[in-house]
1. Compute the angle between helix 223-235 and the longest alpha-carbon principal axis of the chain, please, reported from 0 to 90 degrees and rounded to the nearest 10.
2. Give the relative contact order (percent, whole number) for the chain; include only Cα pairs under 8 Å separated by 6+ residues.
3. Semi-axes of the equivalent ellipsoid for the stretch 601-669, please: Cα gyration tensor eigenvalues, times 5, square-rooted, ordered largest first, whole Å.
4. Once amide H atoms are built 1.01 Å from N in the peptide plane, which residues 5 or more positions from GLU208, or in another chain, come under 5 Å H to H?
5. Using just the helices of the chain, give the 222 nm mean residue ellipticity in deg cm²/dmol: DSSP H runs with n ≥ 4 each add -39,500 (n - 2.57), and the total is spread over all residues, rounded to 500.
6. Based only on Cα atoms, what Rg/Rh ratio does the stretch 518-669 have, Rh being taken as Kirkwood's radius?
7. What ranking do 236-246, 399-409 get when scored by the average of other Cβ atoms within 10 Å per residue, highest first?
8. Charges only on Cβ, +1 for Lys and Arg, -1 for Asp and Glu: so what's the dipole of the chain about the Cα centre, in debye to the nearest 20?
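Read-outs throughout are calculated quantities, based only on the coordinates presented, and are distinct from any laboratory measurement. Being a predicted model, the structure only gives us computed values, none of them experimental. Note that each Cβ is placed from the backbone with ideal geometry, even for glycine, and that neighbours are counted across all protein chains shown.
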Amino acid sequence: MSEETKLLLEPEEASGTSSSGNSDDYAYEISAKELRAWKNNYGALRGNEELIPVKKQITFSWCEINAYGQEPPDPNQNRVVSLIKKQEVGMKHILKNVSGVAHPGELLVLMGSSGAGKTTLMNCMTFRNLKSLTISGLVCINDQPVSQTQLAAQSAYVQQDDLFIGFLTVKEHLIFQSLVRMDAKLTYKERLQRVEEVMGELSLKKCENVPIGEPGVVKGISGGERKRLALAAELLTNPSLLFCDEPTSGLDSFMSLNVVQMLKAMAQTGRTVICTLHQPSSELFQMFDKIGLMAEGRTAFLGTPAEADKFFTKLQAPCPVNFNPADYYIQILSIIPGREDSCKHAVKSICDAFETSSVGIKIKKATAATKASAAIEDPWSQRMQLLSPYKVSWIAQFRAVSWRCWLAIKKNPRLTRVKFYQVFFVSVLISILFWNQKYDQVGVQNINGALFLFLTNATFLNLMGVILTFCSELPLFLREHKNGMYRTDVYFLAKIAADIPIYTLINMMGTTICYFSIGLNDEFIRYGTCVVTCVLVTLAVMGAGYIISTISSSIQMAQTLVSFIVTPFLIFGGMFLSITSVPPYLQWLADLSWFKYGNQALLINQWSNVDHIICDDSSFCPKNGLIVLASQGISPDQLVPSLIALVVLAILFRILSFFALLYKAYYYE
């Protein structure tokens, strides 16, 4: 190796000490007593875990993986000139003939600087997030090429971002996971037994009844416990192959040690464990069975830490004493701004040297044999399928998802106590303002305004509630659906079934308070019709909320769309503009307005049987209820059609929102 390359491979402060790798500094963070206690628990953990039978153990390999992505546009290129010239967008070679193998009982950790390709390699291994990539190569289990579905049936994947319903407890979350992920032949008692075993293995028993937590809403378990809970959900099915993406992300040094020791314990039971880590400490590095170093889309090294030390020593770039090997390897494989050419030359030299080394040749021979036995058609063409088949029936999925949705609503104060107080306060305020109205000229105007307030109150209070809950759960739904846990229609129907009771009861309460306080039509059938109308309006509003939340990319976008969508419907509701004055080319907006049908139904229900209204000498005073309806352009015969129209809108909006959700679930990566 040239002197220039050797100089480049030396860390900038090789004679000093790495802050993240110094074991003495690390001792200040974790006392020796704490470390010994944890190691004792770790040893007990290994004894409690279930060993993977030899016939179910997996040797996982990847052979000559190449990945091409779209080259980002040049910011200095004039866009107009580019369009005139019709320049074709180039393809960036992200992964370049990457091969490797992981064996049972090993913890393999992929490392590399930002942009090295480790995340893309992990995605290729698991057939995830590949929509924008062109892939070639093979992914194999026990020397047999596999497709996306075949891999998912034998593996588990712990993603970097932990997504939970924060109001559920640890045990409730694992029970739900067991209901939809474990084999359909198992009884409920056997599932609970497996949940107890996994909680014991991962030291979650002490927090089994603690809510998982949601930042800023409800206090929950610690970050390390959240990572272990995500791991526990994957271990319920006792997979032989485990992938983890940045399992220590966001954790302190002790919690990181906790999680990696868990992964080490998983590997020692006969599992094959592959994960990516960002800047592991020297304490963590000592626990790795094998490391994979990525640089510029190539494999710079794949083997044991001892083999890595020999390899870099042979390149005359040994890791300095008291320096964290992980930090050192990542540093010498990084592309330093301002020194791109020399860094890329050094990286190329290292990658080329590994390919011709004894370890590299051994890996190449193993994957070459795999390639020769390939008998599967292009596995990458199947990546739009679900990652795994459903483990339980439609009914079992619906029962489990409904149970979780109901638990989330029951334990969520934003949808129970807060919503109850909100509706109660607004209803009392309306009751005070419109208390005991007389049937005179002023009373008619006040009653009509109060009835329209029923509609606006039902719209905005319920619409925002649906958007906030449905939209916040969408990322969790998309991930679980992609993992093959339940169908889209199961989630949608379960969500609707869980939402309807609480929204219906709260709105019935508010309508009842206002109805008798204002002194509306005293016939009981009229009261019942008013309540039914308000409930149907609520159901239509919830359907509109489902549409907004499913087509929106975030809660902020959904909140912005509320006024944009609701305002036209509000204008055509009949309060501000007579229905007969709507231009023909805008009639379709009026026909989709729940304000229009709700207002018609409430006015007809209130005034159709009122024979006398107290009037002075004013010629503008309506003498009876039919005149009130006529002044609004409403016929008494429109009551039933208006109620039917509300039912149709509630169904139509839900169908549209379901197809929007189906589209988003299908194209989600």
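1. Computed tilt is about 90 degrees.
2. Numbers: 1032 pairs, mean separation 104.0, N = 669.
Relative contact order here is 16 percent.
3. Details: eigenvalues 395, 26, 11 Å².
Semi-axis lengths for the stretch 601-669 are 44, 11, 7 Å.
4. Residues meeting the amide H criterion: none.
5. Details: 25 runs with 368 residues, N = 669.
So the helix-based figure for the chain works out to -18000 deg cm²/dmol.
6. Values: Rg = 18.5 Å, Rh = 17.2 Å.
Using Cα coordinates only, the ratio equals 1.07.
7. Numbers: 236-246: 21.1, 399-409: 19.1.
Answer by packing, highest mean first, reads 236-246, 399-409.
8. Numbers: 59 positive and 57 negative charges, 265 e Å.
Around 1280 debye, computed over the chain.
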